[in-house]
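Comments concern the structure below.
Any read-out appearing in this document is the output of simple, stated calculations on the displayed coordinates, not a laboratory observation. This structure is a prediction, so every number in the text was calculated from the model and none was measured. Methodologically, a virtual Cβ is constructed for each residue, glycine included, from the backbone with ideal geometry; neighbour enumeration extends over all protein chains shown.
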Amino acid sequence: MIAFCEYESPLGMLVLAADERGLCRVGLHAQPGPEMTQKDTPVLAAARTQLDEYFAGRRTAFDLPLSETGTGFQKQVWAALRAIPWGETRSYGQIAAAVGRPAAARAVGGACHANPLLIVTPCHRVVGAGGALTGFGAGLPAKEFLLALEHPEPSRP
């Protein structure tokens with residue numbers, strides 16, 4: 001069984017889903033699948049709390065059990081994304097090198113696009129080689145918002 005709930009975020013409505021192993025989906029503009037049941041679970045409650053903290057600027061990393069479905073390469077990339085510190089970015093090439101496949105920057109882009117855990121697995125922290133904002137499944141405005149959230153401007157006197 002996959003339980004899901006909706007979560008109103010600053011980006012819009014997110015669909016959160018969890019199975020018996022952990023959080024398996026955080027998606028913007030996502031529709032629950034037919035195999036999903038609207039139900040609250042401890043994992044979904046924890047995900048909502050941690051997302052609230054993240055959007056309030058009080059959480060820089062997530063501590064949730066995850067249930068990812070993907071290829072071995074995708075899972076390596078997603079783990080590398082979660083290792084990017086809050087407030088920092090990496091290029092697709094840097095992630096490719098980090099997973100031992102330095103020529104696989106495009107494949108890293110594909111793994112980022114397939115990321116089932118928006119925000120929790122921070123693919124928004126991956127940018128082009130020159131720092132340019134490039135593709136993001138939730139759209140570039142959402143990527144810009146998340147990066148700005150993690151790079152607050154210094155307060156003015």
### Task
Could you point to the residue in 43, 30, 151 farthest towards the positive end of the chain's charge dipole, with +1 and -1 charges on the Cβ of Lys/Arg and Asp/Glu respectively?
151
### Task
Mind listing the long-range amide H neighbours of residue 127? Cut-off is under 5 Å, sequence gap 5 or more, other chains count too, H placed in the peptide plane at 1.01 Å from N.
90, 91, 92
#### Entry: Relative contact order for the stretch 2-55, counting Cα pairs under 8 Å that sit 6 or more residues apart, in percent
37
### Query
When only Cα pairs under 8 Å and 6 or more residues apart are kept, what is the percent relative contact order across the stretch 72-150?
33
### Query
Mean separation of Cα pairs under 8 Å and 6+ residues apart, divided by the residue count of the chain: what relative contact order is that in percent?
19
### Summary
So for R0 = 30 Å, FRET eff. of residue 133-residue 63 from the Cβ-Cβ r, to 0.05, ends up at 0.60
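What FRET efficiency comes out for residue 8 versus residue 73 if R0 is 35 angstrom and r is the Cβ-Cβ distance? Round to the nearest 0.05. Show your work: numbers first, answer last.
Values: r = 34 Å, r/R0 = 0.96.
About 0.55, to the nearest 0.05.
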### Message
Can you compute the charge dipole magnitude of the stretch 1-153 about its Cα centre, using +1 on each Lys and Arg Cβ and -1 on each Asp and Glu Cβ, nothing else charged? Give it in debye, rounded to the nearest 20.
### Response
520
### Query
Rule-of-thumb check for the stretch 72-150: C-alpha Rg over 2.2 N^0.38 Å?
0.96
### Message
Loop only by DSSP, 16 or fewer other Cβ within 10 Å of the Cβ. Give me the trypsin sites (Lys or Arg not before Pro) in the stretch 39-72 that pass, ordered by residue number.
### Response
39, 58, 59
